[in-house]
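Inspection log for the structure reproduced underneath, given as structure tokens.
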Amino acid sequence: MRILLLGGYGLIGSAVLARLLAAGHAVTGLGRDIAAAQRRWPEASWIAHDIGALRQPAAWHPVIAGCDAVVNCAGVLQDGPRDDVRAVQDTAMRALFRACAETGIRRAVQVSAVGAAPDARTVFMRSKHAADAALSQLDLDWTILRPGLVLAPTAYGGTALLRALASVPLVVPVVGGAGPIQTVHVDDVAEAVHLAVEGRVTPRAAYDLVEDEAHDLAVVVAAFRAWLGHAPAPLVAVPRWLVRPVVALCDGLGRLGWRSPLRSTALVQVTEGVTGDPGPWRRAGGPPPTGLRASLRRLPATVQERWFGRLWLLKPIVIGGLSLFWLASGLVGLMRFDAAAAVLTERGLGPGGAQAAVAAGILLDLVLGCAIVVRRLMPRAALAMVGGTLAYGAAGTWLAPDLWADPLGPYVKMLPAALLALVALALAAER
């Protein structure tokens, strides 16, 4: 079959892509940023497009032309600079499903989420339900799949946070008052999509993909801790009032492009719980989803996982520290502008050149201090920080070589900034 797969490089989408390719289907992935996906999955075809911009059925016609089925694995947790939850999960999906009906594509699979409902507390869940409802009203062989908490080898979003919480030394921190959670392995979701696409489960139905047993969040985190090989530690329930300021900060960072799993939508879901009914899926002939501990045994608990879990929480500290360092440097230079210009004048620069050099340095520091906290600009800002540090070192060596002879001189002070910028650049790979 020729299958259009939305979100084919995401947490769930990449597993679905691998399963459909293994089954011999021709898959075309659709997403906004496909460059890395093309390198990882050259066996698939790829279309670069912003799903949220395809808001009319006519816009979808050339995209779905020649396809036998469509699978939607795209999703947005919360609004951001490049993310519009309603556009991606509701408006665009309504248009897509209508376009399928207009062009004769009979089979459509929608990966939704347990808890999707018209009166849900989050836009994420309400928009998922709106798309589910629109699809269910069409004369298609549709299938709606609603996974619980998806466990996957990929450390992204909630799966990254679970690894980090499980790796905290000495204690196991969890949000107090969290609801029960049912998990599912990502390969089980991929197999469910595969069966639905091939018509091997009863169509025109919605199925919850969850394990039989529900767990407290503390049990889930403790299971991750054991899976990583860390020693047991006392449980610390963090009150929700203490979590809310962190969530508010993460919501603010979300407006700068950082897709933190600690945003308000995630807190609501953790509070309400992630549960569903696995019965209909089993009665339709679907294989039972794997339980929590069995799912973890299917994931690789390697040294890379332990490194990631311990270092992931340092990411905001590194980036925030870099921002404060460069902003402080620029502000100090601004407050001591005349003194800094006088030093350069004493070293042989003319008054005009000295003032221009100091002004340029201040501007560079302030711009980079601001740019590093914008997700889209962060990799370039980190590179510019490394380059700026080297440039400052070269200029200082040329203009004031005697200052650099001091063992506690500028080299020692600038080295941490350069090293942290390199760390930030490495962290840019984790999206």
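Of everything in segment 140-160 that's open to solvent by 30 Å² or more (accessible area, probe 1.4 Å) and in contact with a Pro (Cβ under 7 Å, 6 or more places away or on another chain), which residue is nearest to residue 265 (Cα to Cα)?
158
Any idea which residue in segment 343-368 is nearest to residue 391 (Cα to Cα), counting only those that are surrounded by fewer than 15 Cβ atoms within 10 Å (Cβ to Cβ) and over 45 Å from the mean Cα position of the chain (by Cα)?
The qualifying residue nearest to residue 391 (Cα to Cα) is 353.
Suppose the filter is in contact (Cβ under 8 Å) with a residue 60 or more places away in the chain and more than 25 Å from the chain's Cα centre (by Cα); does residue 107 pass it?
Considered against the rule, which asks whether it is in contact (Cβ under 8 Å) with a residue 60 or more places away in the chain and more than 25 Å from the chain's Cα centre (by Cα), residue 107 comes out as yes.
Determine whether segment 283-296 contains at least one residue that is closer than 20 Å to residue 224 by Cβ, part of a loop (DSSP other than H, G, I, E, B) and open to solvent by 60 Å² or more (accessible area, probe 1.4 Å).
no
Within segment 176-194, how many residues are closer than 25 Å to residue 21 by Cα and either free of Cβ contacts under 8 Å to residues at least 12 places away in the same chain or open to solvent by 10 Å² or more (accessible area, probe 1.4 Å) (or both)?
3
When you scan segment 316-327, do you find a residue that is open to solvent by less than 50 Å² (accessible area, probe 1.4 Å), within 30 Å of residue 151 (Cα to Cα) and of a type in the set (Phe, Trp, Tyr), even just one?
No, the conditions are met nowhere in segment 316-327.
Go through 306, 259 for me and flag whichever is open to solvent by 40 Å² or more (accessible area, probe 1.4 Å), part of a loop (DSSP other than H, G, I, E, B) and not β-branched (Val, Ile, Thr).
259
What are the residue pairs meeting all of these: first residue in segment 327-352, first residue modelled with pLDDT under 85, second residue in a loop (DSSP other than H, G, I, E, B), Cβ atoms under 8 Å, and 6 or more apart or on different chains?
So the pair list comes out as 343/400; 347/400.
What's the number of the only condition in (1) of a type outside the set (Ser, Thr, Tyr); (2) under 19 Å from the mean Cα position of the chain (by Cα); (3) at negative phi that residue 23 fails to meet?
The failed condition is (2).
Looking at segment 6-26 only, could you name the residues that are farther than 16 Å from residue 154 by Cβ and surrounded by 24 or more Cβ atoms within 10 Å (Cβ to Cβ)?
6, 20 - these are the residues of segment 6-26 that are farther than 16 Å from residue 154 by Cβ and surrounded by 24 or more Cβ atoms within 10 Å (Cβ to Cβ).
Give the residue, chosen from 236, 210, that is over 29 Å from residue 82 (Cα atoms), buried (at least 17 other Cβ atoms within 10 Å of the Cβ) and at pLDDT 90 or above.
Result: 210 is the single residue among 236, 210 that is over 29 Å from residue 82 (Cα atoms), buried (at least 17 other Cβ atoms within 10 Å of the Cβ) and at pLDDT 90 or above.
Give me the residue from segment 70-90 that is within 21 Å of residue 261 (Cβ to Cβ) and among the small types (Gly, Ala, Ser) and, out of that set, surrounded by the fewest Cβ atoms within 10 Å (Cβ to Cβ).
Checking each candidate, the answer is 80.
The values are calculated or read from the model by the stated rules, or taken from the named source; none is laboratory data. All values derive from a computational prediction rather than experimental measurement. Neighbour counts run over all protein chains shown; Cβ positions are idealised from the backbone, glycine included. For accessibility, only protein heavy atoms count, side chains too; no ligands or nucleic acids. Shrake-Rupley method; radii C 1.70, N 1.55, O 1.52, S 1.80 Å.
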